[in-house]
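S.K.: Quick one: structure below, then a few questions.
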């Protein structure tokens, strides 16, 4: 049976355990110094109880005044001042209880240096408690932030992937529709190609990263589909280094970029054009270059140059942060060059 402890219960368990351990340690020191008595032990237990209550009051002040939201510069003087106040109160309780239980030595315990030492000891104890308390909350919030970021990351990534398939299917069906009346046999082959692509994409869509070799299969199926529609207007060149087959990339990333190059480049040209794909590994980076006939006319935005560009850039940023790079531009007055670099060291 699983036993779940709430945050409040954990706080009190740690408080009780911590200050009890403090009391037992100090009683051990009394025995070690051969000055242990029942009354001195009682004084220590009373002080540990006061420490427990006063640190709980410290916590109340912190929460009441939202000290957890303050910066370190704002927090530090408040903690030091309040620790000093509690240290004085703790020392006064020590003197009163020791007097009542007749354990105080007026000559040594009321000596100025001894009093200063005991006061500093109490203040430091509160400062240490405060440090532990704030560090605990810092890590708790940090972990909560990481969990929140992870949730947002997954939501955003799933959103991008869910947008990808309908977009691709829409374009593919439009291509097949154009063939139905013109060439039924080609349209049948196109439907077969599309079914292969959809089968692969449904499997891939469940994963954040896939093998480069699996992505290339989808790309080749897509190019075959487009070759049926464009015929001799599409010239394809694929140059893939064997050592990149097991490299990891986001699913359908290359396919959408190839689609973008054909739709906004090759297909817009009367005589058609070429599209080439090259991939190799350089150090710990997978390098990908996609070239297509045409011109990249929108250097400031992506709204007019293809859905795949924006989707690719967002997914790379979500998965790899700044470790991956994406760039698109005109290589010359007839060719658009898309370059991607993806880390492979994770």
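Every number here is computed from the coordinates shown, using simple stated rules; none is lab data. These figures come from a predicted structure and were not determined experimentally. Cβ placement follows ideal geometry from the backbone for every residue including glycine, while neighbour counts extend to all protein chains displayed.
S.K.: Once you put a point 7 Å from the Cα of residue 26 and another 7 Å from the Cα of residue 71, both along the Cβ direction, what distance in nm separates them?
M.R.: The answer from the label model is 3.8 nm.
S.K.: Sticking with this structure for a sec: Sort the following peptides by mean Cβ neighbour count (other Cβ atoms within 10 Å, averaged over residues), highest first: 21-30, 84-93, 65-74.
M.R.: Order by mean packing, descending: 84-93, 21-30, 65-74.
S.K.: Name the shape class, rounded, prolate or oblate, that the alpha-carbon gyration tensor gives for region 184-343, where a ≥ b ≥ c are the square roots of its eigenvalues, rounded holds for a/c under 1.5, and otherwise prolate holds if a/b is larger than b/c and oblate otherwise. List each step's numbers first, then the result.
M.R.: Numbers: a/c = 1.63, a/b = 1.14, b/c = 1.43.
Verdict is oblate for region 184-343.
S.K.: Please give the length that would be gained between residue 332 and residue 40 if that part of the chain were fully extended, namely 0.36 nm times their separation in residues minus their C-alpha to C-alpha distance (nm, one decimal).
M.R.: 96.2 nm
S.K.: Also, quick follow-up: With a ≥ b ≥ c the root eigenvalues of the C-alpha gyration tensor of region 7-146, is it rounded (a/c under 1.5), prolate (a/b larger than b/c) or oblate?
M.R.: Prolate, because a/c is 1.5 or more and a/b exceeds b/c.
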